């Protein structure tokens, strides 16, 4: 069948690199956009063509709809893949792409609009029979929030109605904190999403974050590829993901999957997406939201299902029919993904940037690494801090953890602080190993998880000294 | 039986009493090698690297030495300050590589390896931590005040190691045999006899005439026939060899020596000439000359690395019998004089000292030698500044008249008296403490009243009455709060510290903290060959091979930049991978430091939590300015990094005294953002 003539990737970093690869497999040329500070970034090196979008701040490049559309059109693309973040869940963008006679590789603007608005999404999901958390759907009055909290029980969670990724999301433990948190959440929402509406919902304590990956074609065929568990989070951003979840029995999996498939068929979803759930201690599940894009952690599903989800998205967006039935989806083994972010776990996960002076990549059997970086490249301060993803797979969770430990031990990166030492600690933590995890895991164990020594390789320290003596021509310590 | 193998086979380490018995019964002469420590200290400013010393250790181990002087004195301080060596790691290495030879440290009474008097619990903690690696504990006091040796003696003897009390020796009218016998009597009583000790006659300046030394050794052995006596002698005046021979004739059984290739002017006599001479005189000497050849050959291969640290003042000097400056202090005083730009005053300073040690009487060895040096360097600089050479000549004239008048101050003219009263006008606190008995009573009594008048001014008499301690200053020293000191160190270092690190901090707080910071940044630099340690890599293509944890590494210089903007870019290939290192030139480093940092211990100082841009001061609802009240936990500023907001909160309630940044400033982690004066709830 005919797929696309040329695809424009409106993203950067590891996901842009990842998205180039299946296009290459399908012999579809790829064009990427880049901002000034990304001129030498890896996605630009890997693509067939590259077009400058604008200055480094995202608002003037990767978020500039006009610049992206112009770049895609001028380079002769007939489809745009948005990745995650940036414009990936912006229905206006999807609409504008369509208007320019190109294909937006993702669901329709209509579906995105519904799913992008927490309140509308909850309505739509409820209507299809999906359970949702008790929530307050529009907040303008702190008193109202306090009344809601008192009704459903503290703590509660407040967040921007638009956007995802946990930005501006805050846990509110008592009525006294409501006012300050509300103001700050608003500010973040305005800054990040240009929209200040706030949403409050019950916080499920010790809840587990479980999400279902699904694929859908234009012919109302929907299948799911099972769940991922994403409970290891810091500041509501996922750090470790795995598939399947050790929590779900086959029966529950089937039940949740059926709910997902029905709801997505009802709404007319096309390509790939994810429905997120929070599962409480009693095994009750509540839908949180539907992510209308590729997820960072799609890799673990790929490892156990054998699907290339982005390749599938290209084909589904091009109009291909899903031939596989749900019963044909076979999930095998266990997969784990760790996110290597440029941030300092010891210092409240504050971002770290600078030049990557050394990089040793992961290789070997049953591991996969997705990188947007290379040695000598400088991590710019403008964007998300995700540098790389490392994934492992094995016949069971234990094997996957063993392989992940091995991979993390080999992976080495100097020049910026990363989450690697924290990830190593998590892989060794008895609760993680036993599968006793929940969304508060990192927060509860932070002291132990970050009690590692910053380990720069000794030779590098000594070399720094040699450099200093060589530059000065004398040893200032021994004069 | 001659030489070879040291204590190997016959006596194992740890059976220390047995070792001393063997030495005592052998009737032979035994040697202690001072190469690593005292030689380095006396002639090479203690700069020997582990890299070089390490090559000597197996040779020393097989040479037949009883012990190697490898630790303590000033080296502990300089290891941390200049050599970037962990003194514990060094001690362990020496103990490991010399299993057949005893390791020896030098401690300054209750000052241990530092410059102040330590309380009993501190002494215990410090001694305990080095006991596993140090066998012989040589201990002296610059006042020969034996109670000051007691805490160390007790710890060492209790642990069953060898205590080696040293009597500070000099030649003067007061320093009679009777005086030294009095000191020895106290020492023997402190150590419960002579069985577990090696007594040292510490001739640190190198001033004893052969006849004087022979007499003293003889006097000691008349009293205690089984006493093991070691004669420690610097070569300064050139008479060391005959003096040692005289001591041996009188029955001294141990000598401090150095390798021939290490011999200079302020250290110790060369080992091979001494051994040959003693053997010619008919003494049996436990020593393997072949090993000594080997050691000297090795030394000649590296000693030129240290030429730059040798004294400006070369050659033997009989003047030492007047000024009595000890070996270690002599070259370093010349160095200080050169750095301070008063090298031309050195002859006057040395002459001044020879008057000084007749006015205030103690022994010129640490800390006494430092007191003498700072006092007289100060006096001469002051008198020179006030009236040049003629003024100095006048001063020496007055001092000559004073001694001619039998040290009777009152018999001098009014003008002479006035000049003498100005002599100690710039007295340091150390000199004041000395005169107030804070180090212990002076060995030959307190100086005359006019000295106190000169040092303390008009209130001198009351000062003596109120503050001078007649004896046992140590008993007034309360135990230190070690928990608190450790907490202070940990606050400074920003992490928990080991007991060893803490001991280093107790000795030298600043040097220890700086050293730990250095290690954190540069790792263990003792893996570097000496040339690279001192000079780095010189030309592109130069490379250095290193071994770290058994793995080989190669660092190769690719290029050194021009030094634009105060930074030199150095490109190194480290294990085949290119790295660019940005090296701040000294000016830049100084300028960088000017970014004010929030003091971690001061809760009122609000520091940046991240590197980023301050985009808001206060909160959306409340712009903050200086003078505003803030609650504890209230957000004071917000820093944006990668689109995330990072609230900076006040950890105290109070008034904002200072806001140090403005909106849109880029700030670095730890930078001082605001100062809150705590107090108001």
Exception for residue A:398 within (1) in a strand (DSSP E or B); (2) away from chain B (no Cβ under 14 Å) falls at (1)
Checked against (1) crowded, with 19+ Cβ neighbours inside 10 Å; (2) more than 8 Å from chain B (Cβ to nearest Cβ); (3) modelled with pLDDT of 95 or more, residue A:441 satisfies every condition except (3)
When the stretch B:520-535 is checked residue by residue, the ones that are over 12 Å from residue A:458 (Cα atoms), in contact (Cβ under 8 Å) with a residue 12 or more places away in the chain and either loosely packed, with under 15 Cβ neighbours inside 10 Å or within 8 Å of chain A (Cβ to nearest Cβ) (or both) are B:528, B:532, B:533, B:534
Filtering the stretch A:55-75 for residues that are touching a strand residue (DSSP E or B) at 6+ places or on another chain (Cβ under 6 Å) and under 16 Å from residue A:380 (Cβ atoms) leaves a count of 3
request  = Answer with yes or no whether residue B:250 is within 30 Å of residue B:215 (Cα to Cα), at pLDDT 95 or above and surrounded by fewer than 24 Cβ atoms within 10 Å (Cβ to Cβ).
outcome  = yes
Checklist line | Condition check for residue A:416: at pLDDT 90 or above, touching a helix residue (DSSP H, G or I) at 6+ places or on another chain (Cβ under 6 Å) and either on the phi < 0 side of the Ramachandran plot or more than 9 Å from every other protein chain (Cβ to nearest Cβ) (or both) | finding: no
Wholly inside the stretch A:151-236, strands (runs of 3 or more DSSP E) that include 2 or more residues that are within 29 Å of residue A:105 (Cβ to Cβ) and at pLDDT 80 or above are A:208-216, A:222-234
Looking across the stretch A:447-467 at residues that are touching a helix residue (DSSP H, G or I) at 6+ places or on another chain (Cβ under 8 Å) and assigned to a helix (DSSP H, G or I), the single one that is farthest from the other protein chains (Cβ to nearest Cβ) is A:449
Of B:369, B:333, B:318, B:311, the only residue that is within 24 Å of the chain's Cα centre (by Cα), touching a residue at least 12 places away in the same chain (Cβ under 8 Å) and not in a helix (DSSP H, G or I) is B:311
Restricting the stretch A:250-261 to residues that are over 16 Å from residue A:396 (Cβ atoms) and without any contact (Cβ under 8 Å) to a residue 24 or more places away in the chain, the one surrounded by the fewest Cβ atoms within 10 Å (Cβ to Cβ) turns out to be A:251
Exactly one of B:187, B:134 is in contact (Cβ under 8 Å) with a residue 40 or more places away in the chain and assigned to a helix (DSSP H, G or I), and that residue is B:187
Scanning the stretch A:264-280 residue by residue, those under 17 Å from residue A:127 (Cα atoms), part of a strand (DSSP E or B) and in contact with a helix residue (DSSP H, G or I) (Cβ under 6 Å, 6 or more places away or on another chain) turn out to be A:275
- Query: Somewhere in the stretch B:644-665, is a residue closer than 10 Å to residue B:612 by Cα and away from every other protein chain (no Cβ under 11 Å)?
  - Reply: yes
Would you call residue B:378 in contact (Cβ under 8 Å) with a residue 12 or more places away in the chain and out of contact with any helix residue (DSSP H, G or I) (no Cβ under 9 Å at 6 or more places or on another chain)? yes
Looking across the stretch A:22-40 at residues that are farther than 22 Å from residue A:66 by Cβ and touching a residue at least 12 places away in the same chain (Cβ under 8 Å), the single one that is surrounded by the most Cβ atoms within 10 Å (Cβ to Cβ) is A:23
**Message:** Based on this model, can you work out whether residue A:388 counts as more than 14 Å from every other protein chain (Cβ to nearest Cβ), modelled with pLDDT of 95 or more, crowded, with 18+ Cβ neighbours inside 10 Å and part of a strand (DSSP E or B)?
**Reply:** yes
Considering residues that are within 14 Å of another protein chain (Cβ to nearest Cβ) and outside any strand (DSSP E or B), the number found within the stretch A:335-375 is 13
Taking first residues from the stretch B:596-616 that are within 9 Å of chain A (Cβ to nearest Cβ) and second residues anywhere that are assigned to a loop (DSSP other than H, G, I, E, B), the pairs with Cβ under 6 Å that are 6 or more apart or on different chains are B:610/B:669; B:611/B:668; B:611/B:669
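Yes/no per residue for (1) closer than 30 Å to residue B:434 by Cα; (2) within 14 Å of chain A (Cβ to nearest Cβ); (3) modelled with pLDDT under 95; (4) in a loop (DSSP other than H, G, I, E, B):
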residue	(1), (2), (3), (4)
B:492	no, no, yes, no
B:502	yes, no, no, no
B:538	no, yes, yes, yes
B:545	no, yes, no, no
B:565	no, yes, yes, no
Residue B:348 passes all but one of the listed conditions (1) crowded, with 21+ Cβ neighbours inside 10 Å; (2) in contact (Cβ under 8 Å) with a residue 60 or more places away in the chain; (3) in a helix (DSSP H, G or I); the exception is number (2)
Within the stretch B:208-226, residues in contact with a strand residue (DSSP E or B) (Cβ under 9 Å, 6 or more places away or on another chain) and either touching a residue at least 40 places away in the same chain (Cβ under 8 Å) or closer than 16 Å to residue B:170 by Cα (or both) come out as B:208, B:213, B:216, B:217, B:220, B:224
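The values are calculated or read from the model by the stated rules, or taken from the named source; none is laboratory data. Everything numeric in this text was worked out from a predicted model, so none of it was measured. Every residue, glycine among them, receives a Cβ derived from its backbone with ideal geometry; neighbour counts consider all protein chains shown.
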